[in-house]
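K.L.:
Quick one: structure below, then a few questions.
The values are calculated or read from the model by the stated rules, or taken from the named source; none is laboratory data. What you see is a predicted model, and the numbers here were worked out from it, not measured in a lab. Neighbour counts are summed over all protein chains in view; Cβ atoms, including those assigned to glycine, are modelled from backbone coordinates with ideal geometry. Heavy atoms of the whole protein, side chains included, go into the accessibility calculation; ligands, DNA and RNA do not. Shrake-Rupley method; radii C 1.70, N 1.55, O 1.52, S 1.80 Å.
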Amino acid sequence: MSTDHAPVPRVANRYGAPKPPRAASGPRRWLIWAVLAVAVVATGIFSLFAGTPEVSSKDVGFRIDGPAMARVDYEVTKDPEATAQCAVQVLNESYAVVGWTVVAIPPAGAETDGDGRTTSHSTMVRTESEGVTGGVNACWLVD
């Protein structure tokens, strides 16, 4: 019994061998480098102008004085001659705001750190129910 089998073509013979990946060459390579350089420079310029906020705050502590009052301690960093306002809030265990007040931060006085940019503050906040935490929500400069 004789069987004639046709030869099984290899995949490479049927479809061709895969071509090796080509590295970017000539003008295309320079274009890629130029785009990359522009992106790095643009990122640096953006970071320079948007990197440092004009005013910032840092929560230091809080004390809950019962269901109607809380004290929030915080620091504000800004230009010593500038006036800022900060929104101070007290939250309950469900993270709902139960007390809120806006406080004016005047130009720096004697209570500043070494360079006069950071001042310490303590604010009493009335609450509608007992809170579990307090802090600064946001600060901004006043014109």
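K.L.:
Kindly provide the set of residues from region 95-114 that are under 20 Å from residue 132 (Cα atoms) and either at pLDDT below 95 or not small (Gly, Ala, Ser) (or both), ordered by number. I'd like the intermediate steps shown before the answer.
P.N.:
At the first step, the residues of region 95-114 found to be under 20 Å from residue 132 (Cα atoms) are 95-102.
Within region 95-114, 95, 97, 98, 100, 101, 102 meet the criteria.
K.L.:
Might you let me know whether region 17-27 holds any residue that is open to solvent by less than 90 Å² (accessible area, probe 1.4 Å), at pLDDT below 90 and assigned to a helix (DSSP H, G or I)? Please lay out each step first, then the result.
P.N.:
Looking only at region 17-27, we keep the residues that are open to solvent by less than 90 Å² (accessible area, probe 1.4 Å), and these are 17, 23-26.
Next, from what is left, pick out any that are at pLDDT below 90: 17, 23-26.
Remaining after also requiring assigned to a helix (DSSP H, G or I): 26.
Within region 17-27 (the criterion being open to solvent by less than 90 Å² (accessible area, probe 1.4 Å), at pLDDT below 90 and assigned to a helix (DSSP H, G or I)), the answer is yes, since at least one residue qualifies.
K.L.:
Sticking with this one: What are the residue pairs meeting all of these: first residue in region 72-100, first residue without any contact (Cβ under 8 Å) to a residue 24 or more places away in the chain, second residue in a strand (DSSP E or B), Cβ atoms under 7 Å, and 6 or more apart or on different chains?
P.N.:
Every condition considered, the pairs that remain are 97/89; 97/91.
K.L.:
Pick from region 42-89 the residues that are β-branched (Val, Ile, Thr) and within 22 Å of the chain's Cα centre (by Cα): which of them is farthest from residue 142 (Cα to Cα)?
P.N.:
43
K.L.:
On the given criteria, is residue 46 modelled with pLDDT under 95 and among the hydrophobic types (A, V, I, L, M, F, W, C)?
P.N.:
Details: modelled with pLDDT under 95: yes; among the hydrophobic types (A, V, I, L, M, F, W, C): yes.
Answer is yes for this residue.
K.L.:
Another question about this same structure. Quick one: which strands (runs of 3 or more DSSP E) sit completely within region 40-143 and have at least 3 residues that are of a type in the set (A, V, I, L, M) and open to solvent by 50 Å² or more (accessible area, probe 1.4 Å)? It would help to see each step written out before you state the result.
P.N.:
On the way: elements: 56-64, 69-77, 83-91, 97-105, 118-126, 133-142.
Where strands (runs of 3 or more DSSP E) fall fully within region 40-143 and carry at least 3 residues being of a type in the set (A, V, I, L, M) and open to solvent by 50 Å² or more (accessible area, probe 1.4 Å), they are 97-105.
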